[in-house]
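Asks: My questions all concern the structure below.
The values are calculated or read from the model by the stated rules, or taken from the named source; none is laboratory data. All of these numbers come straight from a predicted model, not from anything done at the bench. Calculation scope for accessible area: heavy atoms of the full protein, side chains included, ligands and nucleic acids excluded. Shrake-Rupley method; radii C 1.70, N 1.55, O 1.52, S 1.80 Å.
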Amino acid sequence: MVQATTPTVWNGYSIFINTLCQGPVPVVSDGEGKYVVFRTELEAQREIVDDLQIRLQQFLDGERDFDDAMTVEEYVLPVTVHPDGVIKDEAGKCFGPRVE
């Protein structure tokens, strides 16, 4: 007899920003409204750097001002991912999946 496997809870890293009303919230989502969770902290950090490189190039191309291109508000936090797609940060706050 074959038993169905139950999805498991796993740990990863998401990219957050601080908001005035909600405090820390994840900011990177896929096209389906689920927050992106990276397997390693380094992967999440590299995503922030990739976005920064794009903003810097936009500055060089005259599409952004300097302060906007240089400002990095994103940071990485560890999260727990649940089978239903909900992620939970270290403070116990739950997020997603979100509707876009």
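Asks: What whole number of Å gives the distance from the Cα centroid of segment 28-44 to the Cα centroid of segment 57-100?
Replies: Centre-to-centre (Cα) distance: 9 Å.
Asks: Would you tell me the accessible area of Leu60, worked out with a 1.4 angstrom probe on the heavy atoms of the protein chains, in Å² to the nearest 10?
Replies: The value for Leu60 is about 130 Å².
Asks: Follow-up. Can you pull the accessible area of Asp84 for me, 1.4 Å probe, Å² to the nearest 10?
Replies: 100
Asks: So, one more: Determine the gain in length on full extension of the stretch Glu73-Glu90; use 0.36 nm per residue of separation and subtract their C-alpha separation, reporting nm with one decimal.
Replies: Once the chain is fully extended between Glu73 and Glu90, it gains 4.2 nm.
Asks: At 1.4 Å probe size, with the rest of the protein present, what percent of the exposed accessible area of the chain is carbon and sulfur atoms? Spell out each step's value before the answer.
Replies: Numbers: 3700 of 7040 Å².
That fraction is 52 percent.
Asks: Right, another one. Taking a ≥ b ≥ c as the square roots of the eigenvalues of the Cα gyration tensor of segment 43-100, is the shape rounded (a/c under 1.5), prolate (a/b larger than b/c) or oblate?
Replies: prolate
Asks: Per 0.36 nm of contour for each residue apart, how much would the distance between Leu20 and Arg39 grow if the chain were fully extended, relative to their Cα-Cα spacing?
Replies: Gain on stretching Leu20 to Arg39: 4.0 nm.
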